[in-house]
Amino acid sequence: MKGDPKLISALNSLLADELTSINQYIVHAEMCEDWGYEKLHEHFEKRAIDEMKHAEILIGRILFLEGVPIVDNLKKISIGEEVPEQLENDRLAEAEAISAYNAAIKLAGEANDFATRKILQEILKDEDEHMDGIEELQDQIVHMGLPMFLTTKM
């Protein structure tokens with residue numbers, strides 16, 4: 001099924017976001033593991049896996065729409081040197097993703113591609129959950145203080 005070229009372009013842009021997030025989350029996960037924060041390692045690793053699943057879905061949809069998935073276009077990866085900076089960089093990336101998914105959902109509706117819109121809405125729900133999880137961790141740092149927070153993540 002030949003898809004709308006603007007929508008395919010938007011899907012490729014979302015794919016670039018997801019591929020970038022995978023890299024960022026994996027690096028953060030490995031840094032936390034190196035520091036001994038196993039629970040944070042698991043948090044970041046799970047997010048990377050979620051983003052991999054999103055990338056897989058987007059690639060499948062682009063192919064279905066007879067487009068070409070562009071997998072060599074990464075955006076700027078923002079690696080935090082400490083946990084609070086990692087969380088803030090990830091929060092900013094998720095905020096951008098949420099905005100981009102909302103725009104793509106609108107575009108899919110305008111193109112009368114309601115199947116793609118539904119797929120994007122499902123991914124958007126995951127991104128909202130990611131944002132909620134990051135903000136929850138940031139709130140814990142505020143309430144507990146960084147040293148106490150980090151001791152709970154070993």
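The values are calculated or read from the model by the stated rules, or taken from the named source; none is laboratory data. All of these numbers come straight from a predicted model, not from anything done at the bench. Here the Cβ positions follow ideal geometry from the backbone for every residue, glycine too, while neighbour counts run over all protein chains shown. All accessible areas refer to the heavy atoms of the entire protein, side chains included, with ligands and DNA or RNA removed. Shrake-Rupley method; radii C 1.70, N 1.55, O 1.52, S 1.80 Å.
Give the lysines reachable from Lys125 as a straight Cα distance under 17 Å; neighbours fewer than 8 places away on the same chain don't count.
Of all the lysines, those that pass the test against Lys125 - Cα under 17 Å, at least 8 places apart if same chain - are Lys46, Lys53, Lys106.
Compute the helix-to-body angle for 5-35: its Cα long axis versus the longest principal axis of the chain, expressed 0 to 90° and rounded to tens.
Its long axis makes an angle of about 20 degrees.
What FRET efficiency comes out for Glu81 versus His143 if R0 is 35 angstrom and r is the Cβ-Cβ distance? Round to the nearest 0.05.
Numbers: r = 23 Å, r/R0 = 0.65.
Once the sixth-power term is evaluated, E becomes 0.95.
Please list 3J(HN,Hα) in residue order for the stretch 99-113, calculated via the Karplus relation 6.51 cos²θ - 1.76 cosθ + 1.60 where θ = phi - 60°; whole Hz, with x for glycine and proline.
Working through the residues one at a time gives 4, 5, 5, 4, 5, 5, 4, 5, 4, 4, x, 5, 8, 6, 10 Hz.
How do Glu81, Glu88, Glu136 stack up against each other in accessible area, from largest to smallest, with a 1.4 angstrom probe? Before the final figure, lay out the partial values.
Details: Glu81 140, Glu88 65, Glu136 100 Å².
Reading off the accessible areas and sorting them downward yields Glu81, Glu136, Glu88.
So what's the Cα pair-distance distribution over the stretch 35-127, bin width 5 Å, in %?
3, 11, 18, 24, 18, 12, 8, 4, 2, 0
Could you compute the longest span of the chain free of trypsin sites (Lys or Arg not before Pro) located in DSSP loops and having at most 10 other Cβ atoms within 10 Å, not counting the site residues? Please list the in-between numbers first.
Values: sites that count: Lys2, Lys76.
Counting at most 10 other Cβ atoms within 10 Å as exposed, the longest clean stretch of the chain is 77-154.
Lysines near Lys39 by alpha-carbon distance under 17 Å, same-chain residues fewer than 8 away left out - which ones?
Result set, ordered by chain and number: Lys153.
State, to one decimal in nm, how far the label point of Asp132 lies from the label point of Asn73, with both points 7 Å from Cα in the Cβ direction.
Each label point is offset 7 Å from its Cα along the Cβ direction, giving 3.2 nm.
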